[in-house]
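FYI, it's all coordinate maths here, none of it is from the lab. Fair warning: this is a prediction, and the values are worked out from it, not measured in the lab. Backbone-built Cβ (ideal geometry, glycine too); neighbour counts: all protein chains shown.
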Amino acid sequence: MLVERGLQAMSVELVSDAYAIAANYLRRSGAIPDTLATNELLLEIIIKLLQRGEFNKIRLANRAIARFEAQSGTRAVA
C-alpha cells in the first residue's frame, strides 16, 4: 500500500517495519519509554531517510537508531 505524503509516495509497510525494528531496539535499550504511543521524532527521522532514498528496512532502522541517539543525546548500553 502506498500513501501520498507531499510529492512522494512511500510504502507504509516499509515505514512500519523500520519503525518497529528501531522502536523495539530503543525501548529495550531504555532510550524511549515502553508504551504503545508512537515516538514522533523517530518516525520523522525514518520518513526523512526514506525521502532521501533509503529503501532497505534494516539499513533504514539502523540509521534511524543512530540519528535518534545522536539527536536525543542517548546512547544505548549493550
| Going by how many other Cβ atoms sit within 10 Å of their own, how do GLU13, GLU40, GLU69 line up, fewest first? | GLU40, GLU13, GLU69
| note | So the pair-distance distribution of segment 6-72, from every Cα-Cα distance in 10 Å bins, comes to percents of 22, 58, 18, 1
| Which far-off residues, 5 or more places away or on another chain, put their amide H under 5 Å from the one on ILE32, with H placed in the peptide plane? | ARG27
| query | Can you pull out the chymotrypsin sites (Phe, Trp or Tyr not before Pro) in segment 14-70 that DSSP calls coil and that have at most 13 other Cβ atoms within 10 Å? | reply | PHE55
